[in-house]
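To keep things clear, I will list the structure first and then write my remarks on it.
The values are calculated or read from the model by the stated rules, or taken from the named source; none is laboratory data. No experiment lies behind these values; they were computed from the predicted model shown. Please note: Cβ atoms are built from the backbone with ideal geometry, for glycine as well, and neighbour counts cover all protein chains shown. SASA here: full protein model, heavy atoms, side chains in, ligands and nucleic acids out. Shrake-Rupley method; radii C 1.70, N 1.55, O 1.52, S 1.80 Å.
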Amino acid sequence: MKKIITLALVSALALTASITAFATDITPQTSDPKKADTDVVFEVAPTYTITIPSEITLTQKTENGVTTYEKVLEITADSVKLPKTKQIAVTMTSDFKFQADDTDQSTVDYTVTVGDSTTAIASGDRVATFSTNTAHQSGKLNFKANEPEYAGKYKDTVTFNIAIENA
């Protein structure tokens with residue numbers, strides 16, 4: 001057993017001793033000073049953390065006799081490091097229709113606005129943009145539904161798409 005291990009170690013040593021080193025050769029052909037270049041490189045991969053809640057619950061709000069159900073969803077980005085000409089784009093797709101868990105499958109339409117905007121987004125619209133920044137960044141989405149005609153637990157699933165794109 002010792003002979004096998006010794007043979008393996010000697011073989012490994014012999015292989016490493018015969019590896020060619022890649023470098024620039026300088027040969028003295030004249031008395032002028034010689035010059036050689038070496039590229040020194042490193043790579044930093046894009047990194048970021050995007051946080052989107054897996055669930056939010058709209059809360060009832062009554063104002064001037066009108067009842068709505070509303071909630072703000074916050075999308076956050078932390079430790080974003082991207083190439084200089086890139087940014088993170090977050091889009092959202094949905095049919096903007098809550099469906100009740102009752103047997104009749106009652107539905108209620110809802111809207112989503114971004115930040116302080118009062119204009120509802122469409123499916124596939126951009127809802128947040130983040131650029132290189134080590135600080136905490138955030139975007140807010142406002143979900144709002146009118147009071148439904150029927151009682152029940154209403155639910156919809158929205159999909160967020162996160163992509164790195166040109167700034």
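Which net charge results for the neighbourhood of Gln99, defined as the other residues with beta-carbon distances under 12 angstrom from its beta-carbon, given Lys and Arg at +1 and Asp and Glu at -1? Before the final figure, lay out each step's value.
Details: positive: Lys97, Lys153, Lys155; negative: Asp95, Asp101, Asp102, Asp104, Asp109, Asp156.
So the environment of Gln99 carries a net charge of -3.
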Checklist entry - Restricting to lysine pairs 8 or more places apart or on different chains, what number in region 41-155 have Cα atoms under 14 Å apart? => result 9
Checklist outcome for this item: Note on region 46-91: the mean projected area of its alpha-carbon convex hull, in nm², is 4.9 nm²
Checklist entry - Long-range amide H contacts for Asp125: which residues qualify at under 5 Å (H placed 1.01 Å from N, peptide plane, sequence gap of 5 or more or a different chain)? => result Met92
Checklist entry - So what are the ³J(HN,Hα) numbers for region 41-58, from phi and the Karplus equation (6.51, -1.76, 1.60; θ = phi - 60°), rounded to whole Hz, Gly and Pro as x? => result 10, 8, 10, 10, 6, x, 9, 5, 10, 9, 10, 10, x, 7, 7, 10, 10, 5
Next on the checklist: Could you work out what % of the accessible surface of region 35-167 is carbon and sulfur, using a 1.4 angstrom probe and leaving DNA, RNA and ligands out of the count?
Outcome noted: 47 percent
Checklist entry - For Thr132, which sequence-distant residues (separation of 5 or more, or a different chain) have an amide H within less than 5 Å of its own amide H, given hydrogens modelled in the peptide plane? => result Leu82
Checklist outcome for this item: Loop-resident trypsin sites (Lys or Arg not before Pro) in region 37-109 with no more than 13 other Cβ atoms inside 10 Å, DSSP not H/G/I/E/B, are Lys84
Checklist outcome for this item: Under the Karplus relation with 6.51, -1.76 and 1.60 and θ = phi - 60°, whole-Hz ³J(HN,Hα) for region 130-142, x at Gly and Pro, equal 10, 10, 4, 5, 7, 7, 5, 10, 8, x, 10, 10, 9
Next on the checklist: Along its three principal axes, how long is region 50-167 when you only count alpha carbons? Whole Å, largest extent first please.
Outcome noted: 51, 31, 22
